[in-house]
Amino acid sequence: MKILFLEDRPSRQMQFFPNKEKDVEKLKSMSELFLPEAYKCKEIIDQINNKSYPFELSLKLIIAHKSALTTQGLAYLNEICKEKGIKLICFSGGTSQVIFNKDDFEFLNINSSDFYSERLIPFLEKVVQNDENNLLEIVNSQWELSYMLLARQIIASIEIEKDENSKYRLKRKLEQIKMMINIYDEDLLSKEISKKLLTI
């Protein structure tokens, strides 16, 4: 098992998936993805909330309905993901903005309706096939280009910024983006932007 998918309200999948039942069936048929039925799912969530669930070594990704987790359960998931290098996606109807973090491990917090999009199944298939991926692919298939353009904008802002504190903050933000897109050379950044724009 590479993906543990904890959805305690399966009706949400039928509500938000663009192809409804067809997408749900595709999800259920995926190898290496464990999508427990409602009762078993609640049982696993209870174990996580009690810090007693035995996570498999082969896990690459955990997906969980955030509202079903207690503060202790969420902290336990964070510990496990940090320790084992597992990616974590938390989705919830109460989340209004996307939060992405890559400090200790790759983490994405996203609204349920944005999560159950046409990008989800292709992303999960990449995880199963061990293809390189970033959680932001779920949010936007062109996420790299978006960050490259933002980096170019920040570089221009740094050049004209007079206030040293503002300049320092911009430079820190730029370094974080460079780490995410794995491009550190500014000339290479322009070339990669041109390449990406040609493929759209």
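The values are calculated or read from the model by the stated rules, or taken from the named source; none is laboratory data. Note that the structure is predicted; figures quoted are calculated from it, not measured. Methodologically, a virtual Cβ is constructed for each residue, glycine included, from the backbone with ideal geometry; neighbour enumeration extends over all protein chains shown. Accessible surface areas use protein heavy atoms only, side chains included; no ligands, DNA or RNA. Shrake-Rupley method; radii C 1.70, N 1.55, O 1.52, S 1.80 Å.
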>> Which pairs turn up if I take residues in the range 57-84 that are free of Cβ contacts under 8 Å to residues at least 24 places away in the same chain and of a type outside the set (A, V, I, L, M) and look for partners that are assigned to a loop (DSSP other than H, G, I, E, B) and open to solvent by 80 Å² or more (accessible area, probe 1.4 Å) with beta carbon separation below 6 Å, at least 6 apart in sequence or on another chain?
In response: 82/104
>> Being of a type in the set (Gly, Ala, Ser) and either crowded, with 17+ Cβ neighbours inside 10 Å or out of contact with any Pro (no Cβ under 9 Å at 6 or more places or on another chain) (or both) is the filter here; which residues of the range 141-172 pass it?
In response: 146, 151, 156, 157, 166
> Going by the structure shown, is residue 32 among the acidic types (Asp, Glu) and either surrounded by 14 or more Cβ atoms within 10 Å (Cβ to Cβ) or modelled with pLDDT of 95 or more (or both)?
Replying inline: yes
>> If a residue must be of a type in the set (Val, Ile, Thr), crowded, with 16+ Cβ neighbours inside 10 Å and under 18 Å from residue 52 (Cα atoms), how many such residues does the range 63-116 contain?
In response: 3
> Of all residues in the range 9-29 being farther than 16 Å from residue 124 by Cα and part of a helix (DSSP H, G or I), which is least open to solvent (accessible area, probe 1.4 Å)?
Replying inline: 12
> In the range 31-55, how many residues are touching a strand residue (DSSP E or B) at 6+ places or on another chain (Cβ under 8 Å), in contact (Cβ under 8 Å) with a residue 60 or more places away in the chain and in a loop (DSSP other than H, G, I, E, B)?
Replying inline: 1
> Restricting attention to the range 141-174, and to residues there that are small (Gly, Ala, Ser) and free of Cβ contacts under 8 Å to residues at least 12 places away in the same chain, which single residue is farthest from residue 97 (Cα to Cα)?
Replying inline: 156
> Considering only residues of the range 36-58 that are of a type in the set (A, V, I, L, M) and modelled with pLDDT under 95, which is most open to solvent (accessible area, probe 1.4 Å)?
Replying inline: 57
> What helices (runs of 4 or more DSSP H) lie completely within the range 92-163 and have 3 or more residues being out of contact with any helix residue (DSSP H, G or I) (no Cβ under 7 Å at 6 or more places or on another chain)?
Replying inline: 120-128, 143-160
> Restricting attention to the range 126-140, and to residues there that are without any contact (Cβ under 8 Å) to a residue 24 or more places away in the chain and crowded, with 16+ Cβ neighbours inside 10 Å, which single residue is nearest to residue 86 (Cα to Cα)?
Replying inline: 133
